[in-house]
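A quick write-up on the structure given underneath.
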Amino acid sequence: MAKGWTFQSLIDGKMTVTAFCHYAPCNNSQPLDLVKLRDRFGPDAPADDLVRKLKCGRCGSRKVGLIYTPPGARS
């Protein structure tokens, strides 16, 4: 369902987007600041394009994915 999301549509939908490291020993995760990303890349920029630009802040791996969480589904 993440296909087609823009930064502005994620903000408007009150979604939370978390980047997570797929490198098994690390498994770091970090919620993303969607407002800062919108301001940097533009409101209509596809959020899925961001994954190619990310790297883990802990281990430096480029094996990073995104988790899209709708409002009310946060634990």
**Q.** Reciprocal mean inverse distance between Cα atoms of the chain - Kirkwood radius, Å
**A.** 12.7 Å
Q) For the chain, with only Lys/Arg (+1) and Asp/Glu (-1) charged at the beta-carbon, what is the dipole magnitude about the Cα centre, in debye rounded to 20? A) 300 debye
Q: Name the long-range amide H neighbours of Val64: under 5 Å, sequence gap of 5 or more, or other chain; modelled H, no Pro or chain starts.
A: His22
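For the stretch 7-55, state which trypsin sites (Lys or Arg not before Pro) are in a DSSP loop and have at most 13 other beta carbons lying within 10 Å of their beta carbon.
Of the trypsin sites (Lys or Arg not before Pro), the ones in loops of the stretch 7-55 whose Cβ has at most 13 other Cβ atoms within 10 Å are Lys14, Lys55.
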Q. Considering the dipole of the chain built from charges on the beta carbon (Lys and Arg +1, Asp and Glu -1) around the Cα centre, which of Leu37, Ala47, Ser61 is farthest to its positive end?
A. Ser61
Q: Work out the count of Lys pairs in the chain where the Cα-Cα distance is under 20 Å, with the pair 8 or more places apart or on different chains.
A: 8
**Q.** In Å², nearest 10: area of Tyr68 left accessible to a 1.4 Å probe
**A.** 50 Å²
Q: Would you mind checking the stretch 19-51 for residues with the amide N under 13 Å from a putative spin-label position 7 Å along Cα→C-beta of Lys63?
A: 21-28
Q) Using θ = phi - 60° and the Karplus form 6.51 cos²θ - 1.76 cosθ + 1.60, what ³J(HN,Hα) does each residue of the stretch 5-22 get, whole Hz, x for Gly and Pro? A) 6, 10, 4, 5, 5, 5, 5, 4, x, 6, 6, 10, 10, 10, 8, 9, 8, 7
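The values are calculated or read from the model by the stated rules, or taken from the named source; none is laboratory data. Here the structure is a predicted model, which is why all the values come from computation and not from measurement. Reconstructed Cβ throughout: ideal geometry from the backbone, glycine too, with neighbour counts over all protein chains shown. Please note that ligands, DNA and RNA were not included when accessible areas were found on the heavy atoms of the full protein model with its side chains. Shrake-Rupley method; radii C 1.70, N 1.55, O 1.52, S 1.80 Å.
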